[in-house]
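Chemist: One structure, as structure tokens, below. Some questions next.
Just so it is clear, none of the values below were taken in a lab; they were calculated from the coordinates. Here the structure is a predicted model, which means the values were calculated and not measured. Here the Cβ positions follow ideal geometry from the backbone for every residue, glycine too, while neighbour counts run over all protein chains shown.
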Amino acid sequence: MFRFKDYYHNEVHLSFEEYPFSKEPKHVWVICRYGDQWLLTIHRDRGYEFPGGKVENSESPDDAALREVKEETGATVSKLRYIGQYKVLGKEKTIIKNIYYAEIGEITPQSDYLETKGPILFAALPEDIGRNRKFSFIMKDDVLVKSLEKVLAEYVV
């Protein structure tokens, strides 16, 4: 278990165990790989980030992950793996998110990407994400760092 502060100084607990905080989390976050590139979305307000969002009523977190990737990037997931979960102890509420790693089969252009401007591909993520204003606050803490370490060690060849 890892504990640290996020971009807004909220306490975060991160675990790569199976559902350590909730079996029914209300949010998902999906680290996507398309061939040898990272697939992110361009959120209209927050900037570049991996896709994610809320689990809708009567939807499983796995289904939410697949839906969010499709809605925000136009991508179809060929393989989805649960890798962990994190909990943000916010000032007003606690948020629990499942973290996934997705291998992308294809990206199909869409006329609407909802709250995003669509996909963006990176051969490598910049080392200055924490200071780079183009990236979302979601990408600026140890959830990204630790999750990428796990993904790179276990799934990316």
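Chemist: I need a count of the residues in region 80-114 that are farther than 21 Å from Gly47 by Cβ, touching a residue at least 24 places away in the same chain (Cβ under 8 Å) and among the β-branched types (Val, Ile, Thr).
Modeler: Within region 80-114, residues that are farther than 21 Å from Gly47 by Cβ, touching a residue at least 24 places away in the same chain (Cβ under 8 Å) and among the β-branched types (Val, Ile, Thr) number 3.
Chemist: Of all strands (runs of 3 or more DSSP E) completely enclosed by region 1-57, which ones contain at least 1 residues that are in contact with a Gly (Cβ under 8 Å, 6 or more places away or on another chain) and within 18 Å of Leu125 (Cα to Cα)?
Modeler: Of the strands (runs of 3 or more DSSP E) lying wholly inside region 1-57, those with at least 1 residues that are in contact with a Gly (Cβ under 8 Å, 6 or more places away or on another chain) and within 18 Å of Leu125 (Cα to Cα) span 27-34, 37-43.
Chemist: Identify all residues within region 1-59 that are loosely packed, with under 14 Cβ neighbours inside 10 Å and in contact with a Phe, Trp or Tyr (Cβ under 6 Å, 6 or more places away or on another chain); write none if there are none.
Modeler: Across region 1-59, the qualifying residue is only Tyr7.
Chemist: Is it the case that some residue within region 132-140 is over 13 Å from the mean Cα position of the chain (by Cα) and among the small types (Gly, Ala, Ser)?
Modeler: no
Chemist: Taking region 58-74 only, how many residues are within 14 Å of the chain's Cα centre (by Cα) and either within 24 Å of Pro126 (Cβ to Cβ) or part of a strand (DSSP E or B) (or both)?
Modeler: Residues that pass the stated criteria total 4.
Chemist: Could you run through region 63-80 and say how many residues are surrounded by 14 or more Cβ atoms within 10 Å (Cβ to Cβ), of a type outside the set (Ser, Thr, Tyr) and farther than 20 Å from Ile138 by Cα?
Modeler: 5
Chemist: Turning to a different aspect of this structure: What's the number of the condition Asn98 fails, among (1) out of contact with any helix residue (DSSP H, G or I) (no Cβ under 9 Å at 6 or more places or on another chain); (2) within 22 Å of His13 (Cβ to Cβ)?
Modeler: Every condition holds for Asn98 apart from (1).
Chemist: Now, a different point. If only one of Glu72, Glu92, Glu68 is in contact with a Gly (Cβ under 6 Å, 6 or more places away or on another chain) and not aliphatic (A, V, I, L, M), which one is it?
Modeler: Glu68
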